Amino acid sequence: MRLVILVGVILLAGFGGVGCIRSKETASNPSETTTDKFSSVPSQNALSSANSIFRDVTDSAGIHYRWEIVGKRPLNILQTIGNGCAFLDYDGDGNLDILLVGFKLALYKGNGKGAFTEVTSRTGLDKLKGNFHSCAVGDIDNDGHDDVYLSAYRGGVMLHNEGGESFRDISSSTGIPSQPFGTTCAFGDINGDGYLDLFIGNYIKFGPDTRPQLCDNNGVKGACGPRFYEPEKGTLFLGGKGMRFQDVTKAWNIHLSEGKALGSAFADYNNSGKLSLAIANDEVPGDLLSNKNGKFENVGKSSGVAYDDSGKVHGGMGLDWGDYDNDGKLDLALAAFATEAKCIYRNDGDDVFSDKSAMLGLGPSNPYVTFGIKWLDYDNDGYLDLILCNGHVQDNISESDKTMTYRQPTQLYHNAGGGHFEDMSVAGLDEKSRRPIVGRGLAIGDYDNDGKIDVLIVDSEGRPLLLHNEMPAVSNWVGFKLTPPSGVARNAYGAMISLEAGGKKYLRHCHADGSFMASSDSRIHFGLGDAKKIDKVTIVWLNGKKESYSDIPLNRYVNLPPVKSSKNSSSP
């Protein structure tokens, strides 16, 4: 029955808006409006004629940008590393905006109804030049406006958000030095002082004089793999007042990590009340840095996430935390090289994980080089699905290996009840969405506030893909925008949210990191299936404080804690 519903129907796509201040709501009767203590806005539905779940709407949304790889060909390992992207709300209007990262930056302001306007020059981002790779989004001074860090090759920039109007380069005053080969980056409050800290991953020791620049691949010169180069190690900086950062790379044992990092994500995976860090490394063991006693302890090898199920290292690219089987524990998805398993590490508890990729249908038969990977509940059935973007690292790979292509299609997998993943790439993606690309960065977010998660993908030799979710509105949902208590960093990254509805329990966490070189919508989204009522929502903040709520409306974004109104100022 599911496939009948998904394909060949008239789909509904909603448009709405959400903010952190009290706003009017559209009730079930469009002629009526109400205001409640949660200060939220429900979705509004509009007809769409698409026949797939995801439709590429980049052109009609007003996004005009193209990535180009500069330099001679064949490409070397630096040229082909790729770029990132972000969904963020830079001006705090409750609507997601889009940041595209490359040699030139581009920022597009969203109107919450599907249209975007370029504001790159208006916000000062047109003045920045560099070989930028990745982005991390977070409020480093707790002023209510999200700032941005851009990783770069032989560089790196911290951008302070000037009241939602523009960005100011404060790199020279932060204490964060230029990085040798900056790739992944992520914000998280690792010491619980209420200020965001910053991890910056580095890749390899590589420059114009490094040898080799190219390698022989079956008689064809092309990019070398990472094994030909020495690793660069990541760095870690503690944030604090005055937007100054302190280098704690050695004090927190980051220098003992493997290096060659391409993906990173913070999470309290073991319910310790502290953020730990997972790092995806390229052809060396992966790292899982458990936050213990004021420093990180690398439990990657002992926990089982350093290798695949056969005990081999993998070309780790992007990764993401999420509870795919709804057992109340965060699991880890990891993207990898062609013919390598795209690992799904199930959290078995007590710092032990088991690779379930083969059992779940994501084993080593996957022929693509996967970079971006993200959990999302695209059909709101309560189970986290997966989307992967792919692209080879050798632009001339088809000359040396006739079974491979440089450009590769995006893949979509549906989570069938936590026990198996169904390949929905053809039925779920329209023709433009699944066209072969050089896929790298991938972010998710509900840019039109209709309760259905959309996707943004980087094509490193082309235009971005903005994939609008046009799944029929057959399941209920709820989304949360968190405002943490005093002493917790403003973004509330790391907060754990559990929800009970329809006799089922769900766990999600507040974060924007994960995937590959990208930052996603930090609002917490729950698909609820056919549940007609939310029984209870519990938030556990990083400072250990726990808060519970009930009487939460369905099918809208809700502020937690709720905004008190004059009509009813009591807590739910």
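The values are calculated or read from the model by the stated rules, or taken from the named source; none is laboratory data. Quick caveat: nothing in here was measured; it's all calculated off a predicted structure. Every residue, glycine as well, gets a Cβ built from its backbone with ideal geometry; the counts of neighbours run over all protein chains shown. Surface accessibility is based on the protein's heavy atoms, side chains included, excluding ligands, DNA and RNA. Shrake-Rupley method; radii C 1.70, N 1.55, O 1.52, S 1.80 Å.
Nearest 0.05, what FRET efficiency do Lys292 and Lys505 give at R0 = 35 Å with Cβ-Cβ as r? It would help to have the intermediate numbers written out before the result.
On the way: r = 28 Å, r/R0 = 0.79.
About 0.80, to the nearest 0.05.
In 10 Å bins starting at 0, how do the alpha-carbon pair distances of the range 113-202 split up by percent?
17, 47, 30, 6, 0
Under 19 Å Cα-Cα from Lys402, which aspartates and glutamates qualify once same-chain neighbours fewer than 8 residues away are excluded?
Correct list for Lys402: Asp216, Glu340.
Cross-link list Lys109/Lys129; Lys295/Lys505; Lys109/Lys546: which exceed 28 angstrom alpha carbon to alpha carbon?
Violating the 28 Å Cα-Cα cut-off are Lys295/Lys505; Lys109/Lys546.
Could you work out the helix-only [θ] at 222 nm for the chain, with each DSSP H run of four or more residues adding -39,500 (n - 2.57) and the total divided by the number of residues, to the nearest 500 deg cm²/dmol?
Calculated from helices alone, the mean residue ellipticity at 222 nm is -1000 deg cm²/dmol.
Once label points are set 7 Å from the Cα along Cα→Cβ at both Arg154 and Arg73, what is their separation, rounded to one decimal in nm?
2.5 nm
Would you grab the residues whose amide H sits under 5 Å from the one on Lys536? Only those 5+ places off in sequence or on another chain, please, with H modelled 1.01 Å from N.
Here Glu500 satisfy the definition.
Of all beta bridges DSSP finds with both residues in the chain, what is the antiparallel percent, to the nearest 5? Walk me through the intermediate numbers first.
Values: 118 of 125 bridges.
Close to 95 percent.
May I have the pair-distance distribution P(r) for the range 405-477, computed from all Cα-Cα distances with 5 Å bins from 0 and rounded to whole percent?
4, 14, 22, 25, 20, 11, 4, 1
When the gyration tensor of the range 156-251 is built from Cα positions, what are the square roots of 5 times its three eigenvalues, in whole Å, from largest to smallest? Intermediate values should be presented prior to the final figure.
Numbers: eigenvalues 238, 50, 24 Å².
Semi-axis lengths for the range 156-251 are 34, 16, 11 Å.
Among 510-522, 144-156, how do they line up by average Cβ neighbours within 10 Å per residue, starting with the highest?
For the peptides 510-522, 144-156, the packing ranking is 510-522, 144-156.
For a quick check: with amide H placed at 1.01 Å from N, whose amide H comes under 5 Å from Gly175's, ignoring anything fewer than 5 positions away on the same chain?
HN-HN under 5 Å from Gly175: Phe245.
Computed from the mean reciprocal separation of all distinct C-alpha pairs, what Kirkwood hydrodynamic radius does the chain have, in Å?
With all distinct Cα pairs of the chain included, I get 23.4 Å.
For the range 176-188, in order, what is each residue's ³J(HN,Hα) by Karplus, 6.51 cos²θ - 1.76 cosθ + 1.60 with θ = phi - 60°, in whole Hz (x at glycine and Pro)?
Couplings: 9, x, 4, 9, x, 8, x, 10, 5, 8, 7, 9, x Hz.
Quick one: what are the phi-derived ³J(HN,Hα) couplings along the range 293-299, Karplus 6.51/-1.76/1.60 with θ = phi - 60°, whole Hz, x for glycine and proline?
Result, ordered by residue: 6, x, 7, 9, 10, 7, 10 Hz.
If the cut-off is 16 Å between C-alpha atoms, which lysines fall inside it for Lys374, apart from same-chain ones fewer than 8 positions away?
Lys342, Lys452
Can you tell me the dipole magnitude for the chain around its Cα centre, using point charges on the Cβ only (Lys, Arg +1; Asp, Glu -1), in Debye to the nearest 20? Mind dumping the intermediate values first?
Details: 57 positive and 71 negative charges, 112 e Å.
For this selection, approximately 540 debye.
What per residue convex hull volume, in Å³, comes out for the range 439-572 when only alpha-carbon positions are used?
About 129 Å³ per residue, rounded to a whole number.
Just the number, please: carbon plus sulfur as a percent of the accessible area of the chain, 1.4 Å probe, no ligands or DNA/RNA counted. Display every interim value, and only then the final one.
Numbers: 10260 of 20510 Å².
C and S fraction of accessible area: 50 percent.
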